[in-house]
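Shown next, in structure tokens, is the structure this report addresses.
The values are calculated or read from the model by the stated rules, or taken from the named source; none is laboratory data. Please read all numbers here as calculations on a predicted model, not as lab measurements. All Cβ positions, even for glycine, are placed from backbone atoms using ideal geometry, and neighbour counts span all protein chains on display.
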Amino acid sequence: MYFHITQKRVRKNSDTLEVFNLGEDEIKKFDLSAIPLNEDQIKNIFNAFSENHLCGDYPTFQAFIQLKPVSHLKRLVWKDSSYKLPKQVNRQTLLEFLSQMFIGFENLGNQQMIELTNYYFILKDSEGKELNFSTKNIYDWKNNKSAYLENISALIKKNL
């Protein structure tokens, strides 16, 4: 039996099952602020990342940048593939993107990073299977200094 509940998250820990909501109030508690952008810069970044990194509509992207609520069904899809495993979504580039777009992102706890990411993004592999974030992805990102992460930063700076 399968139930679909919008804007609910289910997390499994050892022997407990937790269900939690991430609403506008919880987003405000994250102590994040977007880098200052004007409308043209937001459009430029959206267009640049829409080519190879994400799918979605502009109003959802704009709400994401402003940390406003979005519909569970209209979340952005991160499609940037991994260099080593081309069928997998590169979660580390998404984390790098978030760290470049939001001041204070690196200071969030691992679970807060996962909640924020899952609220605004869907991760789908090349076969359309939805993937999850884990604390290992965050650990790997924090310790990764690869050039492809620098490319995310360069793409943002190029479009500012």
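Key figures
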read-out	value
First in the range 142-160 and under 18 Å from Met113 (Cβ atoms), second anywhere and modelled with pLDDT of 80 or more and among the basic types (Lys, Arg), Cβ under 9 Å, 6 or more apart	none
The listed residue being closer than 24 Å to Gln112 by Cα and at pLDDT 60 or above, out of Lys8, Lys68, Lys12	Lys68
Cβ-Cβ under 9 Å pairs, at least 6 apart or on other chains, the range 36-65 side in contact (Cβ under 8 Å) with a residue 12 or more places away in the chain, far side surrounded by 18 or more Cβ atoms within 10 Å (Cβ to Cβ) and acidic (Asp, Glu)	Phe49/Asp80; Asn52/Asp80; His53/Asp80; Leu54/Asp80
